[in-house]
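The values are calculated or read from the model by the stated rules, or taken from the named source; none is laboratory data. Because the structure is predicted, anything quoted here is derived from the model rather than measured. Here the Cβ is made from the backbone with ideal geometry for all residues, glycine too, and neighbour counts use every protein chain on show.
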Amino acid sequence: MRELGQLFKRMIRGCDIACRYGGEEFILLLPEASLQITQLRAEQIRIGAKHLNLQHRRQPLGAVSLSLGVASFPRHGNTTETLIQAADAALTLAKATGRDLVVVAQ
């Protein structure tokens, strides 16, 4: 978790917010970022996670893969709840179609 948090910190702007949503899920808020920029940033984070050198008890854990769902205000919702639902639906689709993907909400 610490390494992933450091990756987020390196990959997002000072005005962006990264927080743990629950379990292995995180929410990244990118105010004023376009959908295109947000999708690109998600892809950069997905690729960046593959380069993390994670170890447990000095044993390498191997490459990390991330599945990401992207939603944008107001295109995918006008409230926090609807945006989270849209992003979660996109995440579910990413996991169902092979994982290690970025999927934009419909």
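Residues considered: MET11, MET1. Of these, the only one that is crowded, with 16+ Cβ neighbours inside 10 Å, hydrophobic (A, V, I, L, M, F, W, C) and more than 23 Å from ASN78 (Cβ to Cβ) is MET11. Filter the range 44-69 down to residues that are polar (S, T, N, Q), at pLDDT below 95 and part of a loop (DSSP other than H, G, I, E, B) and give me whichever is surrounded by the fewest Cβ atoms within 10 Å (Cβ to Cβ). Among them, the one singled out is ASN53.
For the range 14-43, a tally of residues being surrounded by 14 or more Cβ atoms within 10 Å (Cβ to Cβ) and not in a loop (DSSP other than H, G, I, E, B) returns 12. Within this structure, SER72 fails the test of being more than 18 Å from GLU32 (Cβ to Cβ), hydroxyl-bearing (Ser, Thr, Tyr) and either out of contact with any Cys (no Cβ under 7 Å at 6 or more places or on another chain) or in a strand (DSSP E or B) (or both).
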